[in-house]
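Everything below concerns the one structure shown next.
The values are calculated or read from the model by the stated rules, or taken from the named source; none is laboratory data. Values in this document were obtained by computation on a predicted structure and should not be read as measured data. Methodologically, a virtual Cβ is constructed for each residue, glycine included, from the backbone with ideal geometry; neighbour enumeration extends over all protein chains shown.
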Amino acid sequence: MDQIVIRGGQRLKGRIPISGAKNAALTLLPCALLTDEPLTLRNLPRLADVDGFGHLLNQLGCSTTIEGSRPEDFGRVMTARATTLTSTVAPYDIVRKMRASILVLGPLLARAGEATVSLPGGCAIGNRPIDLHLKALEAFGAEIELASGYVKASAPGGRLAGGKFTFPVVSVGATENAVMAAVLAKGTCILENAAREPEIVDLCNCLVAMGAEIDGIGTETLTIEGVDRLHGATYRVMADRIEAGSYACAAVITEGDVELVGAKADEMEATLAALREAGATVEETKAGIRVAMSGRAQPVTLSTAPYPGFATDMQAQFMAMATLGTGASLFTETIFENRYMHVPELARMGCDIDVRGRSAVVRGVEKLIGAPVMATDLRASMSLIIAGLAAEGQTEVNRVYHLDRGYERLEEKLQAVGADIERISAG
């Protein structure tokens, strides 16, 4: 199994191109199931999860072709076409590997009038639940059955009737599934307390480009007037605001100066505010965002929240950044119950972190020492990379397949701005 080896202590300086957003790409790909015409996605990141979703689309009867990138894009161009759906079943063997697979539920239901999708990871509804996905679809007229670890959804008469649903709590995935299901409904579908993440806006803009009628994009109330059919389109995937924030944290902890090319400030305001709180210089440029740091990071107090709040996907990276700060930083995780799995691994490098339930206190230390560490999930993996970039000696990050799910050509990008980092292949 591959590992990433970092010899820390190098100041990062230069330009880092930001790839297309993983979380947006995995939401845009299932839109191909909503039409029999081609959907072409530009700036699609080269990631394991994107490849996995492409395989799922193939299983459902959707052809996919990939081209190289254009000069203004870092990723690839994929054209997906579901001329005829050959299956409406997303099997456990595929869905268990990638929770985003649940996002075929809404499009299949809208296009074919039925869908059978494995519960993500084989989990029970109460564990990282999808109950809000199902309740929203039921509110639009779907009939839902749970059997043998699968969700079986059907639309009486072949199309959803329409309706209104208010999310009791904000859910990004459920909002995405509900919007994709609603665009081909007979009537009007209204979603209240909908998620407002930039990735939701990207999804809605893509659907509008395909002929959908959506009002309230970017707000907590979405009104979708169902149409009889959608057509094909060419659409560019938004820049990855989480990738950009991750490299910004790397710049701060190494007291570096980097330009995040392609990043959009208005899509990551909470992250940029937190960077400024830590003492970084943050400014927009013609090409993106510049982040520079002189001295150690100042203490921060951060609590994760739905957009436009501070993203849970940035918590681990900021925690790593704070480990070499000048004082005590306080983190509170409100989105996921168990998102401090990176803490024991950071502690192996000399970090001083005290976890108390959903909160964690990070006391800055004078130095970090490189060590062998184990990645536990995608964002935790990046926190270990960030810590390794500033640690004395050598850090070996194992289980890097987590990183390959969300960071395109990470070593190449970091090497280009001065990091001493390499991937060592197993065997």
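Suppose we filter the range 274-291 for residues that are part of a strand (DSSP E or B) and either assigned by TED's automatic domain parsing to the domain that holds ARG196 or surrounded by fewer than 17 Cβ atoms within 10 Å (Cβ to Cβ) (or both); how many remain?
Within the range 274-291, residues that are part of a strand (DSSP E or B) and either assigned by TED's automatic domain parsing to the domain that holds ARG196 or surrounded by fewer than 17 Cβ atoms within 10 Å (Cβ to Cβ) (or both) number 3.
Can you find a residue that is more than 27 Å from VAL208 (Cα to Cα), outside the structural domain of GLU37 (by TED's automatic domain parsing), at pLDDT 95 or above and in a loop (DSSP other than H, G, I, E, B) anywhere in the range 230-249?
Filtering the range 230-249 down to residues more than 27 Å from VAL208 (Cα to Cα) leaves 245-249.
Filter once more, keeping what is outside the structural domain of GLU37 (by TED's automatic domain parsing): 245-249.
Those left that are additionally at pLDDT 95 or above: 245-249.
Adding the requirement that they be in a loop (DSSP other than H, G, I, E, B) leaves none.
No, the range 230-249 has no match at all.
Restricting to the range 368-386, name every residue that is touching a Lys or Arg at 6+ places or on another chain (Cβ under 9 Å), crowded, with 24+ Cβ neighbours inside 10 Å and modelled with pLDDT of 95 or more.
Passing the criteria: only VAL373.
Go through the range 208-248 and count every residue that is polar (S, T, N, Q) and closer than 17 Å to PHE140 by Cβ.
Step one: filter the range 208-248 for residues polar (S, T, N, Q), giving 219, 221, 223, 234, 246.
Next cut, closer than 17 Å to PHE140 by Cβ only: 221, 223.
Residues in the range 208-248 being polar (S, T, N, Q) and closer than 17 Å to PHE140 by Cβ: 2 in total.
Has the range 59-81 got any residue that is at pLDDT below 95, out of contact with any Phe, Trp or Tyr (no Cβ under 6 Å at 6 or more places or on another chain), in a loop (DSSP other than H, G, I, E, B) and among the hydroxyl-bearing types (Ser, Thr, Tyr)?
Yes, the range 59-81 contains a residue that is at pLDDT below 95, out of contact with any Phe, Trp or Tyr (no Cβ under 6 Å at 6 or more places or on another chain), in a loop (DSSP other than H, G, I, E, B) and among the hydroxyl-bearing types (Ser, Thr, Tyr).
For the range 352-366, enumerate the residues that are touching a strand residue (DSSP E or B) at 6+ places or on another chain (Cβ under 7 Å) and in a loop (DSSP other than H, G, I, E, B).
Selection gives ARG358, VAL365.
If we keep just the residues of the range 247-273 that are more than 19 Å from the chain's Cα centre (by Cα) and small (Gly, Ala, Ser), which is surrounded by the fewest Cβ atoms within 10 Å (Cβ to Cβ)?
Once the filter is applied, the top-ranked residue is ALA273.
Go through (1) closer than 22 Å to GLY256 by Cβ; (2) modelled with pLDDT under 95 for LEU414 and report which single condition fails.
(2)
Looking only at the range 326-343, decide whether some residue is of a type in the set (Lys, Arg), surrounded by 15 or more Cβ atoms within 10 Å (Cβ to Cβ) and in a strand (DSSP E or B).
no
Looking at the range 383-399, can you tell me whether even one residue there is out of contact with any Cys (no Cβ under 8 Å at 6 or more places or on another chain), part of a loop (DSSP other than H, G, I, E, B), touching a residue at least 40 places away in the same chain (Cβ under 8 Å) and closer than 28 Å to ALA305 by Cβ?
No, because not a single residue in the range 383-399 is out of contact with any Cys (no Cβ under 8 Å at 6 or more places or on another chain), part of a loop (DSSP other than H, G, I, E, B), touching a residue at least 40 places away in the same chain (Cβ under 8 Å) and closer than 28 Å to ALA305 by Cβ.
Filter the range 29-55 down to residues that are within 23 Å of LYS413 (Cβ to Cβ) and buried (at least 23 other Cβ atoms within 10 Å of the Cβ), then give me how many there are.
Final tally of qualifying residues: 7.
For residues that are modelled with pLDDT of 85 or more and touching a helix residue (DSSP H, G or I) at 6+ places or on another chain (Cβ under 6 Å), scanning just the range 109-129, find the one that is surrounded by the most Cβ atoms within 10 Å (Cβ to Cβ). Before you say what the answer is, go through the steps one by one.
Initially, the range 109-129 is screened for residues modelled with pLDDT of 85 or more, giving 109-119.
Filter once more, so that each one left must be touching a helix residue (DSSP H, G or I) at 6+ places or on another chain (Cβ under 6 Å): 109-111, 113, 115, 117-118.
On the way: LEU109: 29, ALA110: 25, ARG111: 25, GLY113: 18, ALA115: 27, VAL117: 27, SER118: 21.
Result: LEU109.
Hey, does the range 46-53 have a residue that's modelled with pLDDT under 95, of a type in the set (Asp, Glu) and either part of a loop (DSSP other than H, G, I, E, B) or out of contact with any helix residue (DSSP H, G or I) (no Cβ under 9 Å at 6 or more places or on another chain) (or both)?
yes
Looking at LEU47, LEU34, LEU28, which is the one that is touching a Leu at 6+ places or on another chain (Cβ under 8 Å), farther than 20 Å from SER87 by Cβ and either in the same structural domain as VAL201 (by TED's automatic domain parsing) or of a type in the set (S, T, N, Q) (or both)? Reasoning before the result, please.
On the way: LEU47 fails: touching a Leu at 6+ places or on another chain (Cβ under 8 Å); LEU34 fails: farther than 20 Å from SER87 by Cβ.
Answer to the selection: LEU28.
From LEU302, LEU330, which residue is more than 22 Å from ARG196 (Cα to Cα) and of a type in the set (A, V, I, L, M)? Can you show your working first?
Details: LEU302 fails: more than 22 Å from ARG196 (Cα to Cα).
Matching residue, one of LEU302, LEU330: LEU330.
Condition check: closer than 24 Å to GLY388 by Cβ, part of a strand (DSSP E or B) and out of contact with any helix residue (DSSP H, G or I) (no Cβ under 7 Å at 6 or more places or on another chain). Does GLU259 satisfy that? Give the steps one after another, and end with the answer.
Values: closer than 24 Å to GLY388 by Cβ: yes; part of a strand (DSSP E or B): yes; out of contact with any helix residue (DSSP H, G or I) (no Cβ under 7 Å at 6 or more places or on another chain): yes.
So GLU259 passes the test.
From the list GLU192, GLU199, which one is within 22 Å of THR219 (Cβ to Cβ), surrounded by 18 or more Cβ atoms within 10 Å (Cβ to Cβ) and among the acidic types (Asp, Glu)?
Unique residue meeting the criteria: GLU199.
Checking PRO129 against (1) without any contact (Cβ under 8 Å) to a residue 12 or more places away in the chain; (2) in contact with a Lys or Arg (Cβ under 8 Å, 6 or more places away or on another chain); (3) in a loop (DSSP other than H, G, I, E, B): exactly one of these is not met. Which one?
That leaves (2) as the condition not met.
Kindly indicate whether any position in the range 139-162 is assigned to a helix (DSSP H, G or I), farther than 23 Å from THR83 by Cα and under 22 Å from the mean Cα position of the chain (by Cα).
Checked the range 139-162: no residue is assigned to a helix (DSSP H, G or I), farther than 23 Å from THR83 by Cα and under 22 Å from the mean Cα position of the chain (by Cα).
Go through the range 74-108 and give me each residue that's of a type in the set (Ser, Thr, Tyr) and either crowded, with 19+ Cβ neighbours inside 10 Å or out of contact with any Asp or Glu (no Cβ under 9 Å at 6 or more places or on another chain) (or both). Explain how you work it out, then say what you get.
In the first step, residues of the range 74-108 are kept if they are of a type in the set (Ser, Thr, Tyr); the result is 79, 83-84, 86-88, 92, 101.
Correct list: THR86, SER87, THR88, TYR92, SER101.
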